[in-house]
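The values are calculated or read from the model by the stated rules, or taken from the named source; none is laboratory data. As the structure is a prediction and not an experimental result, all values here were calculated from the model. Don't worry about glycine lacking a Cβ; one is built from the backbone with ideal geometry, like all the others, and counts go over all protein chains shown. For accessibility, only protein heavy atoms count, side chains too; no ligands or nucleic acids. Shrake-Rupley method; radii C 1.70, N 1.55, O 1.52, S 1.80 Å.
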Amino acid sequence: MEIYLVFVDAIQNSNKFWAAIVEDGNLTVQWGRVGYQAQTKVHTLGNHQRAVSKFNNLVTEKKSKGYSESQPEIDANRSVADIRRAIQLLNIIRPAVVNRNFGDSYISALNEYLKIVPTPLGMQINYHRVYRTVADIDYQQELLNSLLTTSALQVAAVAVGHAPEATVETKVVSLKTISKNFWRHL
């Protein structure tokens, strides 16, 4: 049993994650800023039942504070609806970047996008500079579209009832990897 939650508010400089996993009688919790070294705490609770109960209580507490479920990386196993929604949000963000108009609709779309696609943005979020150019947005859309293509191949293989002759590898776009170069300007 495991979960990965994020809390994003670009205006308030929040870009945090909280993750937990239950293994036997232990609950391991990690938290921190997206893209940075996590802090870790292991709760040794003696049995699986107590660990699950603590897990559920902590998850409820975090969700009540505004955290939402996500993943630490985006891959072709991610919901197609999530990937499509992320692309839609980039289409909302794009004109704001072109026109340098960073109003409420931009902030709302950016916050929602960062919940779906947790992205390291540095210690100080400057929401005006998350995307400097349309090329930055196009690059993100290209990555997300490549996941849709991979996902469609896997769905087709399942629908036919057998895997294609060539092995289909799950494509993974780890934003931790991208961040070292793509987000360097922040």
Note to self: Can you pull out every residue in segment 87-114 that is basic (K, R) and in contact with an Asp or Glu (Cβ under 9 Å, 6 or more places away or on another chain)?
What the structure shows: R94
Margin query: All but one of (1) open to solvent by 80 Å² or more (accessible area, probe 1.4 Å); (2) more than 26 Å from Y113 (Cα to Cα); (3) out of contact with any helix residue (DSSP H, G or I) (no Cβ under 9 Å at 6 or more places or on another chain) hold for Q39; state the number of the condition that does not hold.
Written below: (2)
Check: Can you name the residue in segment 42-79 that is in contact with a Ser or Thr (Cβ under 9 Å, 6 or more places away or on another chain), open to solvent by 50 Å² or more (accessible area, probe 1.4 Å) and more than 25 Å from S14 (Cβ to Cβ) and is also modelled with the highest pLDDT among such residues?
Finding: V42
Item checked: Pick from segment 22-36, criterion more than 26 Å from M123 (Cα to Cα) and hydrophobic (A, V, I, L, M, F, W, C), ranking: surrounded by the fewest Cβ atoms within 10 Å (Cβ to Cβ) -> V22
Checklist line | Boolean, V8 is in contact with a helix residue (DSSP H, G or I) (Cβ under 8 Å, 6 or more places away or on another chain) and within 12 Å of L114 (Cα to Cα) | finding: yes
Next item on the list: Looking only at segment 156-174, decide whether some residue is under 21 Å from F7 (Cβ atoms), surrounded by 13 or more Cβ atoms within 10 Å (Cβ to Cβ), modelled with pLDDT under 85 and within 14 Å of the chain's Cα centre (by Cα).
Entry: no
